[in-house]
Each structure stands twice: as structure tokens, then as C-alpha cells.
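> Here's a structure for you.
The values are calculated or read from the model by the stated rules, or taken from the named source; none is laboratory data. Every value quoted in this text rests on a predicted model; they were computed, and no experiment measured them. Cβ placement follows ideal geometry from the backbone for every residue including glycine, while neighbour counts extend to all protein chains displayed. In case anyone asks, the SASA skips ligands and DNA or RNA and just uses the protein heavy atoms, side chains included. Shrake-Rupley method; radii C 1.70, N 1.55, O 1.52, S 1.80 Å.
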Amino acid sequence: MWCRRLVRLFEVPCRLGGSWKHRIPWLPRSRRTIPAPAARWHHTVPESLKCAWQLHGDHLELRYADTLMRFDFVWLRDHCRSASCYNAKTNQRSLDTASVDLGIKPKAVRVDETTLFLTWPDGHVTRYGLEWLVKNSYEGQKQQVMHPRILWNAEIYHQAQVPSVDCQSFLKTDEGLKEFLQNFLLYGIAFVENVTPTKEDTEILAERISLIRETIYGRMWYFTSDFSRGDTAYTKLALDRHTDTTYFQEPCGIQVFHCLKHEGTGGRTLLVDGFHAAERVLRQAPDQFELLSKVPLKHEYVENVGGCHNHMIGVGPVLNVYPWNNELYLIRYNNYDRAVINTVPYDVVHRWYAAHRTLTAELRRPENELWVKLKPGKALFVDNWRVLHGREAFTGYRQLCGCYLTRDDVLNTARLLGLQA
């Protein structure tokens, strides 16, 4: 869905000398224009339309599989996969990129039905599979989705009947672990049932998929409502929807919750798919979506309670997108911890407030709210880069434990099991 809006973020069309060209704003003035093609198209075989190519002054233009691609000559030399340039065992580059002549041009070019061959001035030959070029070109990448997802509101999630995974299957079988991770990647939340309600067993559960990220809150956190850290999370009050650690330069990727005991009423957990809300903003007010993805904000956490002394500041926009395909990968939303807005001028900040109001209205739509009662034995994993969580007020004694996980390790585990992550 994110890649449906294929925006040409980096190229600005302009009329030059009676023909359309593309100006690339950040390049030096001498390199800002790509000349209109002068050379004729070459085909792999006569009358072939599947693949055709032509050389320009500083790049190769290649049409294959309905994709028109442009490759800078330095890029083509730098990405050579020959044995002298690339170590296929380690997937690491051996070529010294700084040694490549920035004015390099191929001496000869040949294309057959599957492969591009480039001969360089020193006689070195580079070979590229055409399918590899489509997959790895800028034009191919901007049509791809990095992380497949199912965006949801409460009704969509309930209708999907996403199953929880049994603790023993999760811990002891690849099938159970893979099912759990697939649910997590698609929906941003996943549950494990029949977990022994102790902090130690919750820790074992978390370590199955990732290293535990130790933070200013420790390795495994464990608390009741005693306001021991001077934070609203440690009270019995309701908490509005938010993402955690927005005041970290890199917010924690995954959060684990396990309610060990609750003797009282209330305390349901609120979950909202932030990407679903942002997608609605993109459709209804694309200018506001763009503003939320570009205006940098500070989030701040200051505490001086007992032996805890911390002052954390994280900077970034509310919405973070991959620039080549406009796919959202992180939402940083926490009205409690947002610091003074002093990074943008007054006229921009007023438009930002309007955009923030639009997003907040979507996040607060009742139909987007998924309410879950956490009980002993049921552990919840939340993608903190995507899903906002909150809590209704509660009474009585309530014990919770949990931790943060390193995002890279969770995604690594998923990829090793054959999942796209």
C-alpha cells in the first residue's frame, strides 16, 4: 500500500531547450541535467523488445521486464560481482570504491537474453544478470515493499482471527516460532499463551527471538503502581495511546508485556495500528502526511528520583519513511514526552499542528482501538515502531513485567526462518 504512491522524490521535471529533461537538485550544477537520449536503442536480438539498451555520456540506459533503468557507470563498476571485486562467501565488497575513476566509461557493452556484459578500459569484464539489475536498480526498488504488512483496525484484526502461539511450540519448534514471527511481521503484535507467570520465564520467552535491549530501565523491568520512577506509566491512571522511548535517538524496536497478577478491575491494554492511521492521512491529506514525515521534533525524558538520574533526547519526525518508495517504517508518537518545538519556524509549526491533529483524530477513532485484557500466562509482543499502546485506569494490585528487544535481532531471526523482514 505504501508503495502505491510512487513519488519521484528526487527528480524534478523542467523544460530546457525545448525538450523535457530531469533536474536532480543536489548534484553540482555541471551534472544536474541528464541529456535527452541521442544514441539509438540496441536490442539483444533483432526485433527484440524484451531488452534494449543505449549508452549516454555518464550512464547506461536499460529497458528490461517493463522497467526502464538508468545506471551510472561508476555504480556499474563498483557493484561488480566478479571474484576479484566481491567475496560471494561473506557477501562483502573487495573492490576499493575510492580507487574507481569517477569518469570511468565502459569500452564495450554487450547484452544477451539474460546477462549484461561490460568491458572496462583496463580489460576487466563485469557481468550482471538482468533480473538482478531489475531487483537492485533504483527504479526496481521503488516499486518494492521492504516489509509486507496487513494494516488493521479492530474489526479487521478480529475477523482475521490471528491465532496465539502456545509457549512450548514457540520455545521448542521452528514451526511455532515461524508462525509467531509471521503474525508479528504482518500485524505488529503477537501473543504467546500458557507462559509461566514469572519474570524469569518471560525472560526465557524473549530471548528465543532476540537479545534483550538493556536501557535506563534495566534489562527486565518489573513494577507495580508505586510511582517509583516518577513516570505516569507507574501509576494506576489511564494512559493515552503512544509509542515508547521516543526520547531515544533510536526508539526501542519491540516491547514485551506480561501481566503476572492483577487483583482488581480495569487495566485493559489499548493497541492501535499507527500505520493504518497514517495510511488514511496519506490518502486524505497527502501534504499533511509529507509534513509529518519531514518536520524534526525533539522528545525528552528527565528524571531525578532516588538513584536514577537521566536526561534523554531523541530527534526525528513523527512519521519516518524510506525516501525511494515512501514506505513508512517508524512512527514516533508520544504526546507525553514531546519536548518544546523549536526546530521549525512559526508558519511551518502551525501547519504541523494541523497535520498532527489530523493524525491524532485517526489514531483516536473508536473503530481503530483494539482492547485486550492481559492475564497471567498470556505474553504480548508489540512492534514499538508501528503499534501504539495505552491502558485504561485500574484498581487493585497489579504486577507487570517485560522488556525491550533489539529490532535487528528479531528481524534476523525471521529472515533465517525464510520470512521477508
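> Return yes or no: is V410 in the same structural domain as F223 (by the TED database), in contact (Cβ under 8 Å) with a residue 40 or more places away in the chain, in a strand (DSSP E or B) and among the aliphatic types (A, V, I, L, M)?
No: the conditions fail for V410.
> Tally up the residues in the stretch 396-406 that are surrounded by fewer than 21 Cβ atoms within 10 Å (Cβ to Cβ) and at pLDDT 95 or above, please.
Of the residues in the stretch 396-406, 0 are surrounded by fewer than 21 Cβ atoms within 10 Å (Cβ to Cβ) and at pLDDT 95 or above.
> Please go through the stretch 352-382 and pick out each residue that is part of a strand (DSSP E or B) and open to solvent by less than 10 Å² (accessible area, probe 1.4 Å).
L370, A379, L380, F381, V382
> Is it true that E214 is without any contact (Cβ under 8 Å) to a residue 12 or more places away in the chain, over 28 Å from G396 (Cα atoms) and open to solvent by 50 Å² or more (accessible area, probe 1.4 Å)?
Considered against the rule, which asks whether it is without any contact (Cβ under 8 Å) to a residue 12 or more places away in the chain, over 28 Å from G396 (Cα atoms) and open to solvent by 50 Å² or more (accessible area, probe 1.4 Å), E214 comes out as yes.
> Related question: Based on what the data block shows, is V348 at pLDDT 95 or above and more than 29 Å from F184 (Cα to Cα)?
yes
> Pick from D347, D273: which is in contact with a strand residue (DSSP E or B) (Cβ under 9 Å, 6 or more places away or on another chain) and of a type in the set (D, E)?
Going through D347, D273 in turn, the sole match is D273.
> Could you look through the stretch 313-338, keep only residues that are among the hydrophobic types (A, V, I, L, M, F, W, C) and modelled with pLDDT of 95 or more, and pick out the one that is nearest to Y138 (Cα to Cα)?
Ranking the candidates gives V321 first.
> Tell me which residues, restricted to the stretch 221-272, are of a type in the set (A, V, I, L, M), at pLDDT 95 or above and farther than 17 Å from K375 by Cα.
Result: I254, V272.
> Among the residues of the stretch 222-235, are any aliphatic (A, V, I, L, M), assigned by the TED database to the domain that holds N384 and either open to solvent by less than 10 Å² (accessible area, probe 1.4 Å) or in contact with a Ser or Thr (Cβ under 9 Å, 6 or more places away or on another chain) (or both)?
No - not one qualifying residue is present in the stretch 222-235.
> Pairs under 7 Å by beta carbon, first residue assigned by the TED database to the domain that holds V134 and loosely packed, with under 15 Cβ neighbours inside 10 Å in the stretch 101-114, partner part of a loop (DSSP other than H, G, I, E, B) and of a type in the set (F, W, Y), six or more apart or different chains?
The qualifying pairs are K107/W120.
> Residues of the stretch 113-159 being at pLDDT 95 or above, of a type in the set (V, I, T) and under 29 Å from V387 (Cα atoms), which ones?
Matches in the stretch 113-159: I150, I156.
> Go through V372, V348, V340 for me and flag whichever is touching a Phe, Trp or Tyr at 6+ places or on another chain (Cβ under 9 Å) and assigned by the TED database to the domain that holds E290.
Only one candidate passes the filter, namely V372.
> On to the next question. Select from the stretch 318-340 the residues that are surrounded by 18 or more Cβ atoms within 10 Å (Cβ to Cβ) and part of a loop (DSSP other than H, G, I, E, B) and list them in ascending order.
Result: V318, W324, N325, N326, R332, Y333, N334, D337.
> Here is a follow-up. Pick out the one residue from L282, L271, L239, L260 that is hydrophobic (A, V, I, L, M, F, W, C) and more than 19 Å from V387 (Cα to Cα).
The match here is L260.
> Looking at (1) surrounded by fewer than 17 Cβ atoms within 10 Å (Cβ to Cβ); (2) outside any loop (DSSP other than H, G, I, E, B), can you tell me which one T343 breaks?
Here T343 meets the rest and fails (2).
> Please name all residue pairs, on different chains or six or more residues apart, with Cβ atoms under 6 Å, provided the first residue is in the stretch 320-339 and is in contact (Cβ under 8 Å) with a residue 12 or more places away in the chain and the second residue is β-branched (V, I, T) and part of a loop (DSSP other than H, G, I, E, B).
Taking only residues 6 or more apart or on different chains, the pairs are N326/V7; R332/T246; R332/V318; Y333/T243; Y333/V318; N334/T243; N334/T246; D337/T246.
> Counting only residues that are open to solvent by less than 10 Å² (accessible area, probe 1.4 Å) and aliphatic (A, V, I, L, M), which one in the stretch 266-294 is farthest from the chain's Cα centre (by Cα)?
Result: L270.
> Related question: Here is a list of conditions, (1) modelled with pLDDT under 70; (2) in contact with a Phe, Trp or Tyr (Cβ under 8 Å, 6 or more places away or on another chain); (3) among the small types (G, A, S), and A52 meets all of them except one; can you say which number that is?
(1)
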